[in-house]
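The values are calculated or read from the model by the stated rules, or taken from the named source; none is laboratory data. Everything quoted here is computed from the prediction, not taken from an experiment. As a convention, Cβ positions derive from the backbone with ideal geometry for all residues, glycine included, and neighbour counts pool all protein chains shown.
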Amino acid sequence: MVMKMLYLSTKSWLQIMQNSKTEKSDLLFLSNRSLKKILVQGVNINSLLSMNDLGLKAPIQKEIVFGVLRYFFFLDSNLSRYLKQDIKNKDTDVKLLILMGIYEIKFMRTPAYAAINETVDVCHRLGKTWAKGLVNAVLRKAAASETKLENIEEDLPGWLSKKLDTNFPDHCQMIKKAFLIKPEMALRINRNKISPADYKDKLEKAAISFRPSPFEDAILLDEPKPSSGLPGWHDGEFSVQDLGAITLGHLFFAQINKGRDKEVKLLDACSAPGGKLFHLMELLAFHRINSSISALEISKQRIKTMCDLGKRLDHKVPVIQGDASASEWWDEKPFTHILVDAPCSSSGTIRRNPDIKLVLKEESLPLFQKKQLDILTNLWKKLCPGGLMFYSTCSLFDEENDLLIHKFVNEEKDAEILKFTAPENVGNVLLTDYGCNLLPFDKMSDGFYCSLISKKAI
């Protein structure tokens, strides 16, 4: 009887181990599939995160996919050292599989034998059993090397690295290093729902550690958590938002607050997903400033995403579907304030979206600039005399920022640049001739740019 029980126990344990192995193989296969969609098909990583059939749900999948993208050039150079000839384009999935294995060995500290065996097994799933020997040999060489990871100072394509050198000669190395750091998770507390003190009490009771930010309405979690599992999510007590974006909200609101005795008729153009708009709405309501607010967004799908977020936060705002560079949506009634969170290269968010450095091309920058200028020029006509326009991007490139605003104000003779006052306790603000840059120096913030333009009352 005892022997039978022992047998069953051993059998069950072996089954569990087999299931675990199969599950890991599935996760690696799905991670490989996701990487191929990003690098070959150009699918945005955030799009993959919102899809159900492509993996990127389990923590290990996210770690591998984001990790391979974050250290892609380092991993690729390691691979090249161990190959006698390049892997053919039709076998990109094999190349990506090897990069995944190198990442596991070097960064995840997975035991080499386990990482090698698990990675080799995926060759069957890819239908490329011929590659088993190649994958095995390369990963064994990678495991035996003594590459010092702490010496990695950057992982960028050459053109992007040079552009940062040119744009930020005094800060380029800090920016490049920051791109290799995993971003922290910042929460913006909805003070119209709960006080910061009360929300912090909720986190403490849930044993979730955090620390303060430079702003009363924001905190930083010590460890990222699924947002839906945090206290107050379903009640709209907080939003997940990068600290840099929260900073922009406070900068713009400070200007609105200076003229709080005046009418506030605000348009948020290029509005979705709505983070900056909802933050402004919370600030306006908290400080009891009467306002009329409208949102403009061209994409039906993004409007839906925005409305879903607004519903959770209990924010109601009229959303107009329309193109910010056109006028069909406008009712001829001017706005006192316009927020232009313009479509851009997103180069400032590489630490959070490492796929950008691999899919973004230098030749795309003039296209972004043209679109941004078209939007600014069109919306300027919708701003009343004496009104304020707040232009922002999540780009670090001058072409989309200072150079663009310089061009714009030279063309619009009634446009006047207003100077910012850097917020207290925010150390990564770099004032420019036409606005300011928020630099990604550390884990706290992505890179952003903003400019404040006043319309002269002629």
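On the basis of being touching an Asp or Glu at 6+ places or on another chain (Cβ under 9 Å), closer than 13 Å to residue 192 by Cα and either surrounded by 19 or more Cβ atoms within 10 Å (Cβ to Cβ) or modelled with pLDDT of 90 or more (or both), does residue 296 make the cut?
no
Scan the helices (runs of 4 or more DSSP H) fully inside the range 110-175 and keep the ones with 2 or more residues being touching a Lys or Arg at 6+ places or on another chain (Cβ under 6 Å) and not β-branched (Val, Ile, Thr).
Passing ranges, in order: 112-125.
Given the residues 339, 309, which is the only one that is touching a residue at least 40 places away in the same chain (Cβ under 8 Å) and closer than 29 Å to residue 66 by Cβ?
309
Filter the range 170-194 for residues that are touching a residue at least 12 places away in the same chain (Cβ under 8 Å) and closer than 15 Å to residue 430 by Cβ and give the result.
Of everything in the range 170-194, those that are touching a residue at least 12 places away in the same chain (Cβ under 8 Å) and closer than 15 Å to residue 430 by Cβ turn out to be 171, 173, 174, 175, 178.
Name the single residue that is nearest to residue 250 (Cα to Cα) among those in the range 206-215 being in contact (Cβ under 8 Å) with a residue 24 or more places away in the chain and not aliphatic (A, V, I, L, M).
Going through the qualifying residues, I end up with 215.
Can you run down the residue pairs with Cβ atoms below 6 Å, 6 or more apart or on separate chains, where the first is in the range 145-169 and within 15 Å of residue 78 (Cα to Cα) and the partner is hydrophobic (A, V, I, L, M, F, W, C)?
Listed pairs, sorted by first residue: 152/74; 155/73; 155/74.
Within the set of pairs 6+ apart or on separate chains, which have a first residue in the range 288-303 that is farther than 9 Å from residue 265 by Cα, a second that is small (Gly, Ala, Ser) and surrounded by fewer than 16 Cβ atoms within 10 Å (Cβ to Cβ), and C-beta atoms under 7 Å apart?
Taking only residues 6 or more apart or on different chains, the pairs are 296/322; 298/322.
If you check residue 392 against the conditions, is it under 19 Å from the mean Cα position of the chain (by Cα), in contact (Cβ under 8 Å) with a residue 40 or more places away in the chain and not in a strand (DSSP E or B)?
When the stated conditions are applied, residue 392 does not pass them.
From 212, 196, 224, 169, grab the single residue that is surrounded by 15 or more Cβ atoms within 10 Å (Cβ to Cβ) and not assigned by TED's automatic domain parsing to the domain that holds residue 31.
196
Could you tell me whether the range 417-428 includes any residue that is within 25 Å of the chain's Cα centre (by Cα), in a loop (DSSP other than H, G, I, E, B) and at pLDDT 90 or above?
The answer is no, given that none of the residues of the range 417-428 is within 25 Å of the chain's Cα centre (by Cα), in a loop (DSSP other than H, G, I, E, B) and at pLDDT 90 or above.
Does residue 219 meet the test of being assigned to a helix (DSSP H, G or I), among the β-branched types (Val, Ile, Thr) and surrounded by 15 or more Cβ atoms within 10 Å (Cβ to Cβ)?
For residue 219, the condition - assigned to a helix (DSSP H, G or I), among the β-branched types (Val, Ile, Thr) and surrounded by 15 or more Cβ atoms within 10 Å (Cβ to Cβ) - is not met.
Scan 244, 229, 236, 275 and give me the residue that is free of Cβ contacts under 8 Å to residues at least 12 places away in the same chain and of a type in the set (Gly, Ala, Ser).
229
Just to check your reading of the model, which residue among 276, 304 is assigned by TED's automatic domain parsing to the domain that holds residue 436, charged (D, E, K, R) and more than 30 Å from residue 179 (Cβ to Cβ)?
Unique residue meeting the criteria: 304.
Kindly evaluate residue 268 against the criterion of being of a type in the set (Asp, Glu) and either surrounded by 14 or more Cβ atoms within 10 Å (Cβ to Cβ) or not in a loop (DSSP other than H, G, I, E, B) (or both).
Yes.
For the list (1) at pLDDT below 95; (2) under 30 Å from residue 84 (Cβ atoms); (3) of a type in the set (A, V, I, L, M, F, W, C), I need the number of the one condition that residue 159 fails.
Result: residue 159 fails condition (1) only.
Do the conditions hold for residue 126, that is, is it buried (at least 21 other Cβ atoms within 10 Å of the Cβ) and either touching an Asp or Glu at 6+ places or on another chain (Cβ under 8 Å) or not assigned by TED's automatic domain parsing to the domain that holds residue 27 (or both)?
For residue 126, the condition - buried (at least 21 other Cβ atoms within 10 Å of the Cβ) and either touching an Asp or Glu at 6+ places or on another chain (Cβ under 8 Å) or not assigned by TED's automatic domain parsing to the domain that holds residue 27 (or both) - is not met.
What number goes with the only condition from (1) in a loop (DSSP other than H, G, I, E, B); (2) surrounded by 15 or more Cβ atoms within 10 Å (Cβ to Cβ) that residue 451 does not pass?
(1)
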